[in-house]
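Below is one structure; the comments refer to it alone.
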Amino acid sequence: VIAMTSCATFLSIWHAKLLLKNPLAAQRMHIPLAPHSLMINALGLLLVFRTNSAYQRFAEGRVIWERIVNTARDLSRMVLLYDAEIGADKRRRIQKLIVAFPYLLRHRIRPNLILRRLDDPSEPRDPHNSILLYPDTGTYDNDPEAAVLAQTEEVTGRSRRKQRTLYWVDKRALPWRLLPTPEALEKCTRAQNRPLWVCDRLAAEIRQVPDSDSFSARERLMLLSLTNTLSQCIGGAERIHQTVVPLNYARHTLRALTIWLFSLPFVLVKDLGYLTGPTLFIVSWLLFGVYEIGYNIEDPFQGSLRLSILCDTVRRDVLGDESTRGSAFVLDDKAVDEERDVDASPNGA
């Protein structure tokens, strides 16, 4: 915007001086309005299509996280409903895994969110309360280096993968303290896809619930179907995060917008004079702002969506409000029966 405004201001001053010294040269600086009028339609389609496609990705990302929140609540309700059959210890482990899932998924689609490099001297590490791990990141579909490595391994059979940087995290922080056991924490940190590991552990915990009169294969399959929903949300979030908008399309839109704005002062300077600079400031700010909005929301997980709030919502609903929610599953049948007896008695009538 500053570059566009500066060029337009310089052009307007130059044009005013040429009008005094060489009016013919000043007249030759003008460009007809027709080419810009024809080009603005195509440029508007490019900007609108890009912004609409980016907003569609933003809305889909919010729907995915809404499904995560709803599924976590449903799964928590089911394990509380069958608390006696599942057992208090197993039920508590399942609840912690449910709460850890959205945090681990957020770390996967926002790489290096809280990771600290092992070789960074500015971050002192407490060996007793920290754990080492590799970053849990998914490969972008347009990563040329990953494509070359994959093709080399397919053709030659030899793996030439680069050595990954080792990081560390404080295991007392979220979500690491939510993992039910130290063994589960160690195994989860070694996994390349940690939210998927949580789904697998959830399925294993549910499978080990013994059959009883009130808990059969039907209830087990219902719990496993909710776990499958969480697993599908991983793929949906990865699809948005790892599939970028085609680079050629983004570049073409920006090039067309830049050319149109750079040539616009030659159309306006004849009629606006010294107002050409302020006019270009407003026009370029509006158009570049539309382009920037589309760029910022095409991957909503990088800040457009406040994922930390959604993760805390799951933690509050599943663990934080456990005592209050648990009272909903205790039916006071005796009090209900006494109230019915009073209503049915003659005095009560």
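The values are calculated or read from the model by the stated rules, or taken from the named source; none is laboratory data. These figures come from a predicted structure and were not determined experimentally. Neighbour counts run over all protein chains shown; Cβ positions are idealised from the backbone, glycine included. What goes into the accessible areas is simple: the full protein's heavy atoms, side chains included, and nothing from ligands, DNA or RNA. Shrake-Rupley method; radii C 1.70, N 1.55, O 1.52, S 1.80 Å.
In this label model, LEU221 and ILE31 are separated by 6.7 nm, measuring between points 7 Å along each Cα→Cβ vector. Residues whose amide H comes within less than 5 Å of that of SER130, counting only those at least five positions distant or on another chain, are LYS171 (H built at 1.01 Å from N in the peptide plane). Simple rule: put +1 on each Lys or Arg Cβ and -1 on each Asp or Glu Cβ in the chain, find the dipole, and look at PHE281, ILE240, LEU196; the Cα lying farthest toward the positive end is PHE281. At the residue level, ASP136 shows approximately 10 square angstrom of accessible surface with a 1.4 angstrom probe and all protein chains present. Within the full protein context, the accessible area of TYR103 is estimated at about 10 Å² for a probe radius of 1.4 Å. Evaluated over the chain, the count of Lys pairs having alpha-carbon atoms less than 21 Å apart is 6 (only pairs 8 or more residues apart or interchain).
Could you give the Stokes-Einstein D for the chain in µm² per second, using the C-alpha Kirkwood radius, 20 °C, 1.002 mPa s? Please report the intermediate quantities before stating the final value.
Working: Rh = 25.6 Å.
The estimated diffusion coefficient comes to 84 µm²/s.
For the stretch 9-139, a crude dipole built from +1 on the beta carbon of Lys and Arg and -1 on the beta carbon of Asp and Glu, taken about the Cα centre, is about 380 debye to the nearest 20. A 1.4 Å probe, protein heavy atoms only, puts the accessible area of ASP120 near 50 Å². Here the spin labels are modelled as points 7 Å beyond Cα on the Cα-Cβ line, and at ALA84 and VAL155 they lie 6.6 nm apart.
Mind checking the alpha-carbon convex hull of the stretch 25-64 and giving the volume per residue in Å³? List each step's numbers first, then the result.
Working: hull volume 2.3 nm³, N = 40.
Considering the Cα atoms of the stretch 25-64, their hull volume per residue is 58 Å³.
Here the accessible area of the chain is 56 percent carbon and sulfur, with a 1.4 angstrom probe and all protein chains present. Accessible surface ranking for CYS7, CYS311, 1.4 angstrom probe, highest first: CYS7, CYS311.
Summarised as an ellipsoid, the stretch 196-235 has semi-axes of 21, 11, 4 Å, derived from the eigenvalues of the Cα gyration tensor scaled by 5 and square-rooted, with the largest first. Across the alpha-carbon atoms of the stretch 1-118, the computed radius of gyration and Dmax are 30.3, 95 angstrom. For the stretch 241-252, backbone phi angles converted through the Karplus equation (6.51, -1.76, 1.60; θ = phi - 60°) give residue-by-residue couplings of 6, 8, 9, 8, 5, x, 5, 4, 5, 5, 5, 5 Hz, Gly and Pro being listed as x. Using bins of 10 Å that start at zero, the share of Cα-Cα pairs per bin across the stretch 153-285 amounts to 9, 19, 20, 15, 13, 13, 8, 3, 1, in whole %.
Counting only Cβ charges, +1 for Lys and Arg and -1 for Asp and Glu, the dipole size of the chain around its Cα centre is about 1940 debye. When the helices of the chain are scored as -39500 (n - 2.57) per DSSP H run of n ≥ 4 and the total is divided over every residue, the value at 222 nm lands at -23000 deg cm²/dmol.
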